[in-house]
1. Taking the range 281-323 as the region of interest, how many residues are more than 25 Å from Leu73 (Cα to Cα), out of contact with any Lys or Arg (no Cβ under 7 Å at 6 or more places or on another chain) and either assigned to a loop (DSSP other than H, G, I, E, B) or in the same structural domain as Leu34 (by TED's automatic domain parsing) (or both)?
2. Taking the criterion of being in contact with a Ser or Thr (Cβ under 9 Å, 6 or more places away or on another chain), surrounded by fewer than 19 Cβ atoms within 10 Å (Cβ to Cβ), modelled with pLDDT of 95 or more and among the hydroxyl-bearing types (Ser, Thr, Tyr), would at least one residue in the range 41-64 satisfy it?
3. What is the one condition in (1) small (Gly, Ala, Ser); (2) outside any loop (DSSP other than H, G, I, E, B); (3) free of Cβ contacts under 8 Å to residues at least 60 places away in the same chain that Ala243 does not satisfy?
4. The conditions are (1) within 27 Å of Phe53 (Cβ to Cβ); (2) among the basic types (Lys, Arg); (3) surrounded by 14 or more Cβ atoms within 10 Å (Cβ to Cβ), and Arg269 fails exactly one of them. Which is it?
5. Residues in the range 250-268: is at least one within 18 Å of the chain's Cα centre (by Cα), farther than 15 Å from Pro25 by Cα, in a loop (DSSP other than H, G, I, E, B) and among the aliphatic types (A, V, I, L, M)?
6. Considering only the range 130-172, how many residues are β-branched (Val, Ile, Thr) and surrounded by fewer than 16 Cβ atoms within 10 Å (Cβ to Cβ)?
7. Does any residue of the range 239-253 turn out to be surrounded by fewer than 16 Cβ atoms within 10 Å (Cβ to Cβ) and among the charged types (D, E, K, R)?
8. Right, Ser116: modelled with pLDDT under 95, touching a Gly at 6+ places or on another chain (Cβ under 8 Å) and not hydrophobic (A, V, I, L, M, F, W, C) or not?
Amino acid sequence: MTVGRQSARDRIATLLGGASGHLPPLVLAPMATLTHAGFRTLVGEFGGCDLFFSEMISAEALTNGTPYERYYLFTDPDPDRLVFQLVGYGPERLVEAARLLARIPAAGIDVNMGCSAPHIVRKGGGVAWMRDARRAADTIAAIRRVAGDKSLSVKLRLGDDDDPEALADFALAIEAAGADFISLHPKRRSEGTGRAARWSHAALLRDRLRIPVVGSGGITGRESLDARVRLFGVGPVMIGRGAVRAPWIFDYLRRTARGEAGEYRVDLRRTAVRFFELLEASQPRDFWPTRARRFVPYLLQNVTFGHSIAARLAQTREYATIRTELFAYFDAHPDAVAHAESG
């Protein structure tokens, strides 16, 4: 991709402010152990999305120089469309980590102030930042000063409570501190996958802020995207679990938006082969089991009656066993290999 004279901040602002017909800008969500360079490349080979997020990078681990951190810094498949996401517990380490990331050719830096994982929140990271708007805004302002021309964004949830005005006040403080856009997963800290995302909160922020707001939650295909667009317009959307289940989802959505006829067919076995190749090429061997057992059950959601093997492989600790059993299943069930995307 040719970068030209436009800064990364300007390019991302232009990208998130655009839409193609009724199709909003499409963003791959950051997901720990999932959106590593290998998986992002797989998404890219299916046509890619408008903006990729990395998996979470620990500010403390990065600044301590732990041996695995370099694998989090790969920029595949396209540095001009990659945002590194940082998670951290204190301003100093986050600023220091952002200074390190600013030296790497990439589009942006994101600060995770929305992670609800208990072990992160207990230490003051993720959504715990939303309990002190002044401290959070001061931290974002300090990161803005070291981020250079990179886009700076913040990932949020609703916080501990469902208080739209408190959410808006927090987001306004983050905007004033220098954030270029905000992404919102509109659920409370304690709410999991079973609770529907409150997209009305994303619409509230969109109406109150000058910077783009990327909404996240529940986009799994054409029908859910169309429902969101009908209610809240064509602002940018972030897709997480839906993209892990279907790394081709962004290409599928683009094709259906263009009105292209015919089935969208995918070879699941070939997709798995390519995932393993990219995983092994981009991640240390110690990471292979965790990354494989996270991805494979999502892929098997595309298989009727695939839940039993998916549950078993999700608990499997040996990488070779995950591969062997998955391909043995496909060999024994050739009708499960061909998938037609719909919905």
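The values are calculated or read from the model by the stated rules, or taken from the named source; none is laboratory data. What you see is a predicted model, and the numbers here were worked out from it, not measured in a lab. Cβ coordinates were reconstructed from backbone atoms using ideal geometry, including for glycine residues, and neighbour counts include every protein chain displayed.
1. Counting residues in the range 281-323 that are more than 25 Å from Leu73 (Cα to Cα), out of contact with any Lys or Arg (no Cβ under 7 Å at 6 or more places or on another chain) and either assigned to a loop (DSSP other than H, G, I, E, B) or in the same structural domain as Leu34 (by TED's automatic domain parsing) (or both) gives 7.
2. Within the range 41-64, none of the residues are in contact with a Ser or Thr (Cβ under 9 Å, 6 or more places away or on another chain), surrounded by fewer than 19 Cβ atoms within 10 Å (Cβ to Cβ), modelled with pLDDT of 95 or more and among the hydroxyl-bearing types (Ser, Thr, Tyr).
3. The number of the failed condition is (3).
4. (1)
5. Looking through the range 250-268, none of the residues is within 18 Å of the chain's Cα centre (by Cα), farther than 15 Å from Pro25 by Cα, in a loop (DSSP other than H, G, I, E, B) and among the aliphatic types (A, V, I, L, M).
6. Total satisfying the criteria: 0.
7. Checked against the condition, which is being surrounded by fewer than 16 Cβ atoms within 10 Å (Cβ to Cβ) and among the charged types (D, E, K, R), the range 239-253 yields no hits at all.
8. On the way: modelled with pLDDT under 95: yes; touching a Gly at 6+ places or on another chain (Cβ under 8 Å): yes; not hydrophobic (A, V, I, L, M, F, W, C): yes.
Here the answer is yes, as Ser116 does meet what is asked.
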